[in-house]
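S.K.: Let me give you the structure first, and then I'll get to my questions.
The values are calculated or read from the model by the stated rules, or taken from the named source; none is laboratory data. If you're wondering where the values come from, they're calculated on a predicted model, not measured in any experiment. Using ideal geometry, Cβ is built from the backbone for each residue, glycine included, and neighbour counts are taken over all protein chains shown. Surface accessibility is based on the protein's heavy atoms, side chains included, excluding ligands, DNA and RNA. Shrake-Rupley method; radii C 1.70, N 1.55, O 1.52, S 1.80 Å.
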Amino acid sequence: MKYLVMIQGTQADYEAMRGKGSPGAPAWSEKELQAMFSFMQSVNDDLAESGELVDGQGLAEPAQTRCVTAGPDGRPVITDGPYGETKELLAGYWVLDCESLERVTEIAARVVQCPTPEGTTQYPVVIRPILDGGGDVC
């Protein structure tokens, strides 16, 4: 079964990683950044070695995003980010091919142990099964 494993973040989190802290997103030191990158690389390496990693990527900051919706007249309305109405956005993901929900949950439990500066907002790691050919929808 394939699963989408998602981590969340905010524009403030990305800015904190560049050294500009704010409440809930304290500035990261170079040592803290390296610890986080090392931790995530070890997760990726282990998943690749086990054969469970299909894909995984970190995403650009919310300020580089764009949202396209339909306006009242049906025409596209394009908005640049970040968005006040949605603070947490997808910051990165893995597509994993795991034998069970229990196994992917073990992986997510490891991911939440990623080192961060004290006072950093902790977000959940979200697991979503990927439907194959319509799955439960049809």
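S.K.: Suppose we filter the stretch 41-53 for residues that are within 20 Å of Ala91 (Cα to Cα) and not in a helix (DSSP H, G or I); how many remain?
M.R.: Kept after step one, since they are within 20 Å of Ala91 (Cα to Cα), are these residues of the stretch 41-53: 41-45, 47, 53.
Those still in the list that are not in a helix (DSSP H, G or I) too: 53.
Count: 1.
S.K.: Looking only at residues in the stretch 26-38 that are touching a residue at least 40 places away in the same chain (Cβ under 8 Å) and open to solvent by 40 Å² or more (accessible area, probe 1.4 Å), which one is farthest from Glu118 (Cα to Cα)? Before the answer, list the steps.
M.R.: Initial filter on the stretch 26-38 (touching a residue at least 40 places away in the same chain (Cβ under 8 Å)): 26-29, 32, 35-36.
With open to solvent by 40 Å² or more (accessible area, probe 1.4 Å) added as a condition, the list becomes 27, 29, 32, 35.
Values: Ala27: 10, Ser29: 11, Glu32: 10, Ala35: 13 Å.
Here the answer is Ala35.
S.K.: Look through the stretch 84-125, keep the residues that are free of Cβ contacts under 8 Å to residues at least 60 places away in the same chain and over 17 Å from the mean Cα position of the chain (by Cα), and return whichever of them is surrounded by the most Cβ atoms within 10 Å (Cβ to Cβ).
M.R.: Taking the candidates together, the pick is Arg103.
S.K.: Right, something else. Cβ-Cβ below 6 Å, separation at least six or inter-chain, first residue in the stretch 1-19 and in contact (Cβ under 8 Å) with a residue 40 or more places away in the chain and more than 14 Å from Leu59 (Cα to Cα), second in a loop (DSSP other than H, G, I, E, B) and aromatic (Phe, Trp, Tyr): which pairs?
M.R.: Between residues of the stretch 1-19 that are in contact (Cβ under 8 Å) with a residue 40 or more places away in the chain and more than 14 Å from Leu59 (Cα to Cα) and residues that are in a loop (DSSP other than H, G, I, E, B) and aromatic (Phe, Trp, Tyr), the close pairs are Ala16/Trp28.
S.K.: Filtering the stretch 9-24 down to residues that are among the hydrophobic types (A, V, I, L, M, F, W, C) and modelled with pLDDT of 95 or more, which residue is surrounded by the most Cβ atoms within 10 Å (Cβ to Cβ)?
M.R.: Here the residue is Ala16.
S.K.: If you don't mind, there's one more thing I want to ask. What do you reckon, is Gln41 touching a strand residue (DSSP E or B) at 6+ places or on another chain (Cβ under 9 Å), loosely packed, with under 12 Cβ neighbours inside 10 Å and modelled with pLDDT of 95 or more? Working first, answer last.
M.R.: Values: touching a strand residue (DSSP E or B) at 6+ places or on another chain (Cβ under 9 Å): no; loosely packed, with under 12 Cβ neighbours inside 10 Å: yes; modelled with pLDDT of 95 or more: yes.
The answer is no for Gln41.
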